[in-house]
1. What's the ranking of 159-171, 2-14, 142-154 by average number of surrounding C-beta atoms within 10 Å, highest first?
2. Could you work out, for region 2-276, what percent of all Cα-Cα pairs fall into each 10 Å distance bin, beginning at 0 Å and stopping at the bin that holds the largest distance?
3. With labels modelled as points extended 7 Å from the Cα through the Cβ direction, what inter-label distance (nm, one decimal) is found for Ile258 paired with Trp19?
4. So what is the relative contact order for region 2-276, in percent, with contacts set as C-alpha pairs under 8 Å and at least six apart?
5. Per the Kirkwood formula on distinct C-alpha pairs, the Rh of region 137-178 is how many angstrom?
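Every number in this text was worked out from the coordinates using simple rules, so none of it is lab data. In this text the structure is predicted, and so the values were computed from the model without any measurement. Backbone-built Cβ (ideal geometry, glycine too); neighbour counts: all protein chains shown.
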Amino acid sequence: MIATFRYEFRMQIRRPVLWIVYGLTFAATVAAFGHTYLDLNLGGNEGREPRPAMIVSAVLLTSLLPIVYGCLLADRLVRDRRLGMSDVLDTTPAGRTGRLAGKYLGACAATAVPFVLAYLGRAVAYAVTEGAPAALGWAAVILVTAVVPALLFVGALALAGPLLMPTLLFRVLFVVYWFWGNLIPATMMPTLSHTILAPRNQYVAYGLLGYGDDQTYPPNVILPPEGIVYGPRPGAALNFLRPEASPAVALLWIGVMIALAATVLLLARLHTARTES
């Protein structure tokens with residue numbers, strides 16, 4: 001597993017397309033959310049505190065960059081079969097399960113590097129310009145609790161999906177899934193957006209990190225009596241999958257993402273064992 005991890009990481013991190021596509025998508029994100037991204041101003045937050053500022057930065061970067069992450073991973077697991085290397089690899093001492101785990105961890109880690117650099121780079125810039133070194137600590141916490149679980153699930157889905165369909169078709173469907181299940185407002189149509197099954201949501205931010213508690217709003221903004229609440233959307237379908245944010249729900253979401261990733265990888269392992277036997 002370790003040898004496979006190292007090989008997959010080195011091979012993926014050296015792909016020029018990895019950096020080119022990430023760079024173009026990052027530029028598109030900055031262009032689309034320019035003022036908000038530069039000021040880290042979202043939902044009334046004035047961007048003067050490191051914790052909400054780093055949460056806002058993560059929210060913006062997880063809008064489009066995970067699409068690049070998933071699409072770049074889509075060809076990694078089927079590559080060995082396409083090149084006729086599966087039988088050769090089976091003669092090595094490494095078992096199929098170890099190779100799958102190493103490929104998954106290595107490819108996902110390498111593909112996440114540009115994403116992490118973009119996020120930490122904004123954190124460093126914020127810490128320097130605002131004189132708030134605590135932003136680096138909050139950025140690390142948000143990466144571990146909110147970003148990594150989502151990337152684990154998306155990575156497993158991106159590796160396993162092309163086993164059932166052509167890689168190009170999977171990429172198209174993955175882009176559609178990302179917009180439908182993560183970016184479309186829940187009140188527009190039935191969607192997984194803002195549910196505990198969505199890799200992009202703010203349960204950790206609101207439930208675990210207290211986002212919304214220290215936001216400031218103009219006097220003309222009237223807040224509901226219960227304050228800022230993240231959870232069910234009035235009139236939306238599938239609200240039973242949108243419990244109100246709390247520390248327990250945030251931890252539940254983390255567990256769901258890890259469990260979904262493990263389940264997808266297990267199904268991928270069973271599928272390859274059945275088709276290659």
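1. Result, highest mean Cβ count within 10 Å first: 142-154, 159-171, 2-14.
2. 6, 27, 34, 21, 9, 2, 0
3. Result for the modelled spin labels: 3.4 nm.
4. Across region 2-276, relative contact order equals 22 percent.
5. 11.5 Å
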